[in-house]
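Here's the structure we're looking at; comments come further down.
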Amino acid sequence: MNDLPDFITENIYKREFGFDHYGQGPNDRYKTFLNERNLKKFLRTKTPFAAYISVAFYNEPRHRQDWQKSEFVIDIDAKDMPIRSCGCDNVCEICLNEALELARIYIDTLKGDLGLKNIHLVYSGRGYHIRVLDKFVMGEESEFRGEVLKYITGADVPTNEIPLGYTNLFNNRLVRNIFHITGKEKIEGINTKLLKDIKKNRDKIEKDENGNYQLGIFKGEIGPRRYKNLLDGIARVNLSMADGKVSIDLKRILRLPSSLHSKVSMKCVEVKNLDNFDPFKYAVPKFVEERKDN
Ligand SMILES: [Zn+2]
């Protein structure tokens, strides 16, 4: 039986835990556990509504003192994505799938562009947490983390149009958003008329023989000034596809990924296979019961 991922159980005594016993948010913080067994026992006997673990490692986790390092986290909440094609009020199958698609895109960039390897994806119940434990980022302060997030999400308009490096990254994020626009979004600098014209002309975007997007004809249809408004608006939107406050917070606590049988277990699990994860299949109590029987 292995209910907690290895990246959670390793040096567990250096982490701070928090619990929600009444369903109103974490009210019991500064908890620590010497080992995995003690934590499991606590979860089984207290069956908290939700359990949380710090992204930080401390020499004194009980007092949140003598900070050593923290995971780097990208938090994608399906409900808070400013562009999503479903238009639902909360979360649904469509926006959860789009959050997963975005997580895959970010993970590809973390691996391909930054060379990071120790990356875990966790389904949070409302979206996804990308949790990075590479040495390269764990010792860094908030400012550095903010810069990494800006790069990964494509939060700056590129300074040139040469289809290489960051310009390609930005164009990929841009085109993805263009094809997810419903027309009902509220995006600073992009009015309803422009949204309508973007939708009308998006099929004019093509790929060249190298797989890079060709935006020239689309830009011509929209008009250069309004195209610039689009780029500025999308750059801002890109940054808010993830919750930046989480990425820069060195002492944040996040939902504990676990399939242990408690109320929390149906909400938060590690995604082992990125290609065919289905939250509706894996993160329900039935699955937990099946696992228990094995
Ligand atoms: Zn939805």
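No value in this document is a laboratory result; all are computed from the given coordinates. If you're wondering where the values come from, they're calculated on a predicted model, not measured in any experiment. Here Cβ is always computed from backbone atoms with ideal geometry, including for glycine, and neighbour counts include all displayed protein chains.
Details
- When only alpha carbons are used to place a centre, the range 50-125 and the range 199-238 end up 28 Å from one another.
- Binned Cα-Cα distance frequencies in the range 155-239 - 5 Å width, integer %: 3, 14, 28, 29, 18, 6, 1
- Taking amide H atoms as placed 1.01 Å from N in the peptide plane, the amide H of VAL271 lies under 5 Å from those of LEU121, VAL122, TYR123, each 5 or more residues away in sequence or on another chain.
- Residue separation of TYR166 and ASN11 scaled by 0.36 nm, minus their Cα-Cα distance, works out to 52.2 nm of gained length.
- Other residues whose C-beta falls under 14 angstrom from the C-beta of PHE277 contribute a net charge of -3, scoring Lys and Arg +1 and Asp and Glu -1.
- For the chain, average projected area of the Cα convex hull in nm²: 16.4 nm²
- The charge dipole of the range 155-239, taken about its Cα centre with unit charges on the Cβ atoms of Lys, Arg (+1), Asp and Glu (-1) only, comes to about 460 debye.
- Partner lysines for LYS46 [C-alpha distance under 16 Å; skip if fewer than 8 residues away on the same chain]: LYS31, LYS263
- For the chain, adding -39500 (n - 2.57) for each run of n ≥ 4 DSSP H residues and dividing by the number of residues yields -11500 deg cm²/dmol at 222 nm.
- Normalised radius of gyration (Cα atoms, divided by 2.2 N^0.38 Å) for the range 1-109: 1.29.
- Placing dummy labels 7 Å off each Cα toward the beta-carbon, the span from ASP66 to CYS88 is 4.6 nm.
- Binning the alpha carbon pair distances of the range 196-278 at 10 angstrom intervals from zero yields the distribution 13, 24, 24, 20, 16, 2, expressed in whole percent.
- Amide H contacts of ARG29 (H built 1.01 Å from N, in plane; Pro and chain starts excluded): PHE19 sit under 5 Å, all sequence-distant by 5 or more or on other chains.
- In straight-distance terms, cross-link reach from LYS41 covers every one of the aspartates and glutamates whose alpha-carbon lies under 14 Å from its own, apart from those fewer than eight places away in the same chain; here that gives ASP3.
- Here's the picture: charge each Lys and Arg Cβ at +1 and each Asp and Glu Cβ at -1 in the range 155-239, and of ASN172, GLY220, ILE198 the one pushed furthest to the positive end of that dipole is ILE198.
- Using only side-chain charges placed at the Cβ, +1 for Lys and Arg and -1 for Asp and Glu, the dipole size of the chain relative to its Cα centre rounds to 720 debye.
- Within the same chain, lysines fewer than 8 places from LYS204 are excluded, and of the rest, those with a Cα less than 21 Å from its Cα are LYS193, LYS196, LYS219, LYS228.
- Choice from LYS186, LYS219, LYS40 showing the highest fluctuation, given a GNM over the chain with Cα pairs closer than 10 Å: LYS186
- Rounded, prolate or oblate (a/c below 1.5 giving rounded, otherwise prolate when a/b exceeds b/c) for the range 1-47 by Cα gyration tensor: prolate
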